[in-house]
Amino acid sequence: MPACDVALLGYVEALAPGGQEWRGNDDVKWKTETINGQEVAFIGVAFSYWGNIIYSVVEALSRYCSTVIYAGKLGSLAQSDTPNATIATGNSSYVDGSLITWNNLFKNSPLAVEGAHYTLPSVLDETAAWYNEVKDTYRFVDPEIGWAAKAAKDFGLSFSYLHLVTDNLSGLFSENLTTERETAVLKKRLQYVGIIRAILYHRIGVEQTVSLFSEVLKAQQARVDKGYMEPLERNWKACLAFAYHTQEEAWEVVRELPRRQWKEQKVNPETLLSEIVDTQIQLLTTLAYAGFDEQDLINGVITKLNAHRPDWKP
């Protein structure tokens, strides 16, 4: 395997770039892509690295990369997290009697929810007694994340995860581990994996570049933190309004940024245009994946824009 900046594990078949063949052997295959100046290897394997086996996988990857990102699926203990419609991330996991923490690449993403994670050896350990004991402390559970984070810490790597909630231990939802092979569930899951891909492509390597998108996103998140806009964790309509705000502010940045400052800002016209197109794609993608119709657009965007921006008129 070639050296890379980021090794990505998990839903690699759906996340990896098209237009190129998989390389490798019968056991391990990969595709590579440069994202924001970072060389990313999407690594797929023929076997399942269940539980603490992923510790050895990350140990092996430490010879090739400096960052490991795990994009897969997990269970939630929070009643608000709808299976196959909630993207999860966080910066901690309880594993093998200890709490592991890390700097989360995906913190404050408007399209994901955050929480503490608990690493259990198996779904067989997800008993009613265990759930009632930890549900107020931990939000997510799976057998691998903590071990991957521990290996990353032991071998000097950065680590983050971005998972799709596919089961809710509260028992309030019809979609769970028993229905995950159904056609409707698989179709929905692929749609949300597409959103995960969008988040990945906007967050990987942003610290290496001056990104208009990330700077605008920070400004908009500040508005949420100050209470000017609704929190975006589970409110898709607010999320859509947020995306529209982002696009509007991007245009404002372009209008106000003098040409003589482009060089100092390390931003050129092509980059600006690319960023604007990205925000438009994100807006339309979010709309399509969430199943919005025209009335939703009116209710979710125009109403909220009028509420939060009285000076803005449709």
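Residues that are modelled with pLDDT of 95 or more and touching a Leu at 6+ places or on another chain (Cβ under 7 Å) were ranked within the stretch 80-121; the one that is farthest from Leu164 (Cα to Cα) is Ser92. Would you confirm whether or not the stretch 4-20 contains a residue that is of a type in the set (D, E, K, R), closer than 26 Å to Arg189 by Cβ and not in a loop (DSSP other than H, G, I, E, B)? Yes, that holds for at least one residue. Residue by residue through the stretch 101-117, note down the ones that are surrounded by fewer than 23 Cβ atoms within 10 Å (Cβ to Cβ) and in a strand (DSSP E or B). Those that are surrounded by fewer than 23 Cβ atoms within 10 Å (Cβ to Cβ) and in a strand (DSSP E or B): Thr101, Val113, Glu114. Residues in the stretch 153-194 that are at pLDDT below 95, farther than 25 Å from Lys135 by Cα and either touching a Gly at 6+ places or on another chain (Cβ under 6 Å) or among the hydrophobic types (A, V, I, L, M, F, W, C) (or both): Ala184, Val185, Leu186, Leu190, Val193. Which members of the stretch 49-80 meet the condition of being within 15 Å of the chain's Cα centre (by Cα) and either part of a loop (DSSP other than H, G, I, E, B) or not assigned by TED's automatic domain parsing to the domain that holds Thr137 (or both)? Within the stretch 49-80, just Gly72 meets the criteria.
Residues in the stretch 2-23 that are farther than 18 Å from Ser62 by Cα and either surrounded by fewer than 21 Cβ atoms within 10 Å (Cβ to Cβ) or in contact (Cβ under 8 Å) with a residue 40 or more places away in the chain (or both): Tyr11, Val12, Glu13, Ala14, Leu15, Pro17, Gly18, Gly19, Gln20, Glu21, Trp22, Arg23. Filtered by the rule that a residue be assigned to a loop (DSSP other than H, G, I, E, B), farther than 17 Å from Leu74 by Cβ and of a type in the set (D, E, K, R), the stretch 171-189 gives Arg181, Glu182.
Checking the stretch 127-138 against the condition returns no match, with no residue being buried (at least 22 other Cβ atoms within 10 Å of the Cβ), touching a residue at least 12 places away in the same chain (Cβ under 8 Å) and among the hydrophobic types (A, V, I, L, M, F, W, C).
The values are calculated or read from the model by the stated rules, or taken from the named source; none is laboratory data. Keep in mind that this is a model prediction, so the values were computed, not measured. Counting neighbours? That spans all protein chains shown, and the Cβs are built from the backbone with ideal geometry, glycine included.
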